[in-house]
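Input: a single structure, listed below in structure tokens.
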Amino acid sequence: MKRYGLVLALPVLLLQGCSWIYGEDGLFPDNTDRYQDAPELAVISVPATASTEALDPTYPIPDVKQSFLLESEFEVPRPTPLTGSNQYETVRIQRLADESWALVAVAPGQLWPQVRGFLTASGIAVAASDAESGLIDTQFVTLQDRALPTRFRFRVDTGVQRNTSELHVLQQNQSGSDTSWPAISDDLELESEMLRNIAQFIANSAEAAPVSMMADRAMGDEGRVTLEDSETATRLILRLPFNRAWASMNKALPEAGFAIDDKDRTEGVFYLTFVGPQEEDESGWFDWMWGGEDAHPLANQKFLVKVASVEESRMVISLMGEDGGPVERRDQQALLTLIKGTIN
């Protein structure tokens, strides 16, 4: 009986021993939260002739800006809806005038190794690559039915929408001693053919594509369209040149539920009527946002959307009433959010 008593007592001793070993005053205390009690020390004083580069704080404390009160009652913005246009196919070729590119529904860090994989599979040697700039240059190769050797430059850009990418191809024939890249391809037909081939390769290998951490850090995946909210208005910031931004808006507005009544490209203005969702599977978002299953409260209302250039590749997109006046803040936020999700 004494033997069993000792055996039963062992778990109790072990449990007590855990606090003795790992407790706050034990041999191996838990230091997870001790940083909260750590004092902030003064910066080390060094002579004026000495370098202070090695004295950067390991965990710098950011400055806390003084808070302010809004002039009006604050309303929590609605979450961004999952718009149908974000669910497009993995790869889609787009064109604007003589320019064409592949829109790919993956982040740049995932597209970069796919481009390298395509070149390896095609037997095309790489002459130079720069992940920070998103550029891959090939060596000159002689293609079938082509008299002159040719080379290609592949450029991976961040897409307009989050977690999307754009792939541009530039082609150059070997002629003379000029090694600088042209502004446009020497052979647009060959450029288009290469773009179609690599787009097909990317579409076929999308599920098994690795990720390049270097390219992902350099290019990011935040997209080039953001919703900017101030105390007085909401607007979209679109980081595209005007020609591309205008064409993108011309395509995005109908997808967001607007009918384009008229437009003035010189002034950068679209004259619109909001018709609301046209697909049955889209009604759930609007019913939840405005409530009920009745007709949309903004249906048949007219608006203006203005695309204004503040920099060469930075557009500000504003939504106004039919007469150019302000729109109720909640409706402005909701409608611009819908437009944001359809721009590409």
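The values are calculated or read from the model by the stated rules, or taken from the named source; none is laboratory data. Just so it is clear, the structure is predicted and the values come from calculations on it, not from any experiment. Methodologically, a virtual Cβ is constructed for each residue, glycine included, from the backbone with ideal geometry; neighbour enumeration extends over all protein chains shown. Accessible surface is based on the protein model in full, side chains and every heavy atom, while ligands, DNA and RNA are left aside. Shrake-Rupley method; radii C 1.70, N 1.55, O 1.52, S 1.80 Å.
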Could you check, for the stretch 137-154, whether at least one of its residues is at pLDDT below 90, of a type in the set (Lys, Arg) and surrounded by fewer than 17 Cβ atoms within 10 Å (Cβ to Cβ)? yes
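Is it fair to say Thr83 is crowded, with 16+ Cβ neighbours inside 10 Å and modelled with pLDDT under 85?
Numbers: crowded, with 16+ Cβ neighbours inside 10 Å: yes; modelled with pLDDT under 85: yes.
Answer is yes for this residue.
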I'm trying to understand the selection: among the residues of the stretch 235-268, which are more than 12 Å from Lys340 (Cα to Cα) and either assigned to a strand (DSSP E or B) or of a type in the set (Val, Ile, Thr) (or both)? Phe258, Ala259, Ile260, Asp261, Asp262, Lys263, Asp264, Thr266
Show me the strands (runs of 3 or more DSSP E) found entirely inside the stretch 101-185 where at least 1 residues are aromatic (Phe, Trp, Tyr). 150-158
A careful count of residues in the stretch 319-339 that are surrounded by 15 or more Cβ atoms within 10 Å (Cβ to Cβ), in a helix (DSSP H, G or I) and not β-branched (Val, Ile, Thr) gives 8
For the stretch 278-310: of the residues being among the charged types (D, E, K, R) and at pLDDT 80 or above, which is surrounded by the most Cβ atoms within 10 Å (Cβ to Cβ)? Lys306
Residue check: is Leu195 surrounded by fewer than 16 Cβ atoms within 10 Å (Cβ to Cβ) and touching a residue at least 24 places away in the same chain (Cβ under 8 Å)? no
What's the number of the only condition in (1) surrounded by fewer than 16 Cβ atoms within 10 Å (Cβ to Cβ); (2) touching a residue at least 24 places away in the same chain (Cβ under 8 Å) that Ser230 fails to meet? (2)
Which of (1) modelled with pLDDT of 95 or more; (2) within 21 Å of Asp261 (Cα to Cα) does Met315 not meet, given it meets every other one? (2)
Scan the stretch 265-277 and tell me whether some residue there is farther than 21 Å from Asp229 by Cα, open to solvent by 10 Å² or more (accessible area, probe 1.4 Å), at pLDDT below 90 and out of contact with any Pro (no Cβ under 6 Å at 6 or more places or on another chain). yes
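Here is a yes/no grid of residues against (1) closer than 19 Å to Met315 by Cα; (2) in contact with a Cys (Cβ under 8 Å, 6 or more places away or on another chain); (3) among the polar types (S, T, N, Q):
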residue: Pro241; (1), (2), (3): yes, no, no
residue: Trp246; (1), (2), (3): yes, no, no
residue: Asn250; (1), (2), (3): yes, no, yes
residue: Ala259; (1), (2), (3): no, no, no
residue: Thr266; (1), (2), (3): yes, no, yes
residue: Val275; (1), (2), (3): no, no, no
